[in-house]
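Q: Please see the structure below; I have some questions.
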Amino acid sequence: STLIKIMTGAYRRDGGRVWLEGREVSFDSPEDAQGEGVVAVYQEVNLLMFRTVAENIFLGREPRRFRLVDWKRMNADADAILKRLGLEIDPRATLGSLNIALRQMVAIARGVSFGARVVVLDEPTSSLTEREVSILYDVIRRLKAEGVGVVYISHRFDELYTVCDRVTVLRDGKFVATRALE
């Protein structure tokens, strides 16, 4: 969890280096990290249950027309992001009406809407069924195909072989090893 917080600007690092697209970076806030395309999706989805999917995706960044929220554009833009990820979710649906897996997909879509270049997924399958895990894996494959980096944090080693190209092991916050997965 400390690594995620450093990567996303919630904590300042006191050692080591963070590189993004060939340059060293250091974020002072989560907004700085998001501005550079680094977003995290946590196992506990932290969105607004009584708002729509589209409202959650664009929360705080709603498209406007004549200073009013442009609902048509927001729903269309949300729908386009969801379709890009291969998701059939109605952008007008209330988030609370969706199961936990689809809420997590909305959280990923929100990250993608920021122009994510790196998506950090923290224990993403902890409360998903086998079918829901399959949907998540499809979304991860699509992100990877688009060149989005995915940092997948898990204690379930079988998952790593399904979605990861290489694995880094940390123990008590210390680097142990990085290896390619075949």
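Q: On each of the three principal axes of the Cα atoms of the chain, give max minus min coordinate, whole Å, ordered largest first.
A: 52, 37, 27
Q: What does DSSP give for the chain in terms of the percent of beta bridges that are antiparallel, rounded to the nearest 5?
A: Working: 12 of 21 bridges.
Percent antiparallel among DSSP bridges in the chain is about 55.
Q: I need to check one value: relative contact order of the chain, counting alpha carbon pairs closer than 8 Å and at least 6 residues apart, in percent.
A: Working: 251 pairs, mean separation 35.8, N = 182.
Relative contact order, the chain: 20 percent.
Q: Give me the percent relative contact order of the range 1-107, please, defined on Cα pairs under 8 angstrom at least 6 residues apart.
A: RCO, the range 1-107: 24 percent.
Q: Here is a further query. Which one of 154, 168, 106 has its Cα pushed farthest toward the positive end of the charge dipole of the chain, where Lys and Arg give +1 and Asp and Glu give -1 at the Cβ?
A: In the chain, that residue is 106.
Q: Give the accessible area for residue 161 in Å² (nearest 10); use a 1.4 Å probe, count only protein heavy atoms, and leave out ligands, DNA and RNA.
A: 150
Q: If you filter the range 77-148 for GluC sites (Glu not before Pro), then keep DSSP loop positions with at most 15 other Cβ within 10 Å, what is left?
A: Sparse-neighbourhood loop GluC sites (Glu not before Pro): 88, 146.
Q: Then there's this: How much length would be gained if the chain were fully extended between residue 162 and residue 28, taking 0.36 nm per residue of separation minus their Cα-Cα distance, in nm to one decimal?
A: 44.9 nm
Q: Next up: Are there trypsin sites (Lys or Arg not before Pro) in the range 50-116 that DSSP marks as loop and that have at most 10 other Cβ atoms within 10 Å, and which are they?
A: 67
Q: Enumerate by residue number the GluC sites (Glu not before Pro) in the range 9-51 meeting two conditions: DSSP loop (anything except H, G, I, E, B), and at most 16 other Cβ atoms within 10 Å of the site's Cβ.
A: 21, 44
Q: Over the chain, what percent of the accessible surface lies on carbon and sulfur atoms, probe 1.4 Å?
A: Details: 5390 of 10920 Å².
After summing per-atom areas, the C and S share lands at 49 percent.
Q: Additional query: Can you compute the charge dipole magnitude of the chain about its Cα centre, using +1 on each Lys and Arg Cβ and -1 on each Asp and Glu Cβ, nothing else charged? Give it in debye, rounded to the nearest 20.
A: Dipole size: approximately 400 debye.
Q: Separate question: Using Cα centres only, tell me the gap between the range 120-162 and the range 28-77 in whole Å.
A: 22
Q: Continuing with this model, one more query. Hey, in the GNM for the chain with a 10 angstrom Cα cutoff, which one of 37, 149, 60 fluctuates hardest?
A: With Cα springs under 10 Å in the chain, the top fluctuation among 37, 149, 60 is at 60.
Q: Return the single residue from 52, 129, 94 with maximal mean-square fluctuation; model: Gaussian network over the chain, springs between Cα atoms under 10 Å.
A: Of the options given, 129 has the highest mean-square fluctuation.
Q: Give me the accessible area per residue for the range 1-70, probe 1.4 Å, as a whole number in Å².
A: Values: 4650 Å² over 70 residues.
Result: 66 Å² per residue.
Q: Most mobile of 169, 133, 112 per a Gaussian network model of the chain (Cα springs, under 10 Å)?
A: Highest fluctuation of the listed residues: 169.
The values are calculated or read from the model by the stated rules, or taken from the named source; none is laboratory data. Quick caveat, the model's predicted, so the values are computed rather than measured. Glycine also receives a Cβ, built like all others from the backbone with ideal geometry; neighbour counts cover every protein chain displayed. To get the accessible areas, we keep the full protein, side chains included, count just its heavy atoms, and leave off ligands, DNA and RNA. Shrake-Rupley method; radii C 1.70, N 1.55, O 1.52, S 1.80 Å.
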